[in-house]
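Visitor: Pasting a structure here, questions to come.
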Amino acid sequence: MTPERHIGEAELHAYLDGELAAEEQAEMEALLAASPVELALLRDFRDLNEAIVQRYASRLDAPVPERMKQVLAGMPERVAGQRSHSTRRWIEVLVAVLIAALAAAAGYVIRGLTVETRRPESAFVATAIGAHSVYVPEVRHPVEVGAAEETHLVQWLTKRLGANVRAPTLSALGWKLVGGRLLPDRGLPAAQFMYEDGAGRRLTLYLRKETGLNNTAFQFAERDGFGAFYWVDRPLAYAIAGRLGRDELMGLASAVYAQLEQR
């Protein structure tokens, strides 16, 4: 079996910056189409680039600060004698230093704004929401194995994930199981169960072997109109996602958690 092709962050940046050859760009687009987590990360990088431009572009075009001019004016006499032909060069150097300082500051600001996407648990929920957004719109093939084969589905996913997997029953809340599928999550097997209510809305429960995630209490995340509650109940991490209100989603997450605790 051919190993799964992992897309590195450097490749994502090169793709965003238009540095790839035509063949490499086509390959990258094909890989992204089959990898919700890398696609979500690409969107994060694009958002960061736009945020940096919006926040700092005007400063980079600003004139040299008056204080810098005063520093130049106060240079030693031996430098002052050469100022007539080198002042412009000094200004260019100092402006370059200013740009570098602003870029560093931008990095710290953006890191603060996006720390959630850098944490392992946030990468996990981003993958869950990405998988939800990819498969929920499917009409003919929303799942790999249908609810009619639930026993087989659960046994198969349990074997592949290496941990006891269950498909919670949510019929009392108006949601029926559609089925599920096996998914890749950065080289690890993950599972997704899909549910549907009488209005045709869909909900997914995403789970994967816990690998260093820190939070064990419920956490909420939202992206592109989709919300998700996620938590760790070792040995598995869970995320329940849907285009639902936060309170309704919380009720469903609580119901799922309560059932899983009864094992």
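Visitor: Looking at Gly227, is it exposed (fewer than 13 other Cβ atoms within 10 Å of the Cβ), at pLDDT 90 or above and not hydrophobic (A, V, I, L, M, F, W, C)?
Guide: no
Visitor: Would you mind stating whether Phe220 is loosely packed, with under 14 Cβ neighbours inside 10 Å and under 18 Å from the mean Cα position of the chain (by Cα)?
Guide: yes
Visitor: With respect to the numbered conditions (1) among the basic types (Lys, Arg); (2) modelled with pLDDT of 60 or more; (3) out of contact with any Lys or Arg (no Cβ under 9 Å at 6 or more places or on another chain), which one is the sole condition not fulfilled by Arg166?
Guide: (3)
Visitor: Kindly establish whether Arg140 is touching a residue at least 40 places away in the same chain (Cβ under 8 Å) and not in a helix (DSSP H, G or I).
Guide: no
Visitor: Sort out which residues of segment 122-137 are part of a helix (DSSP H, G or I) and among the hydrophobic types (A, V, I, L, M, F, W, C), and write them in order of number.
Guide: Answer for segment 122-137, where residues must be part of a helix (DSSP H, G or I) and among the hydrophobic types (A, V, I, L, M, F, W, C): Ala123, Phe124, Val125, Ala126, Ala128, Ile129, Ala131, Val134.
The values are calculated or read from the model by the stated rules, or taken from the named source; none is laboratory data. Because the structure is predicted, anything quoted here is derived from the model rather than measured. All Cβ positions, even for glycine, are placed from backbone atoms using ideal geometry, and neighbour counts span all protein chains on display.
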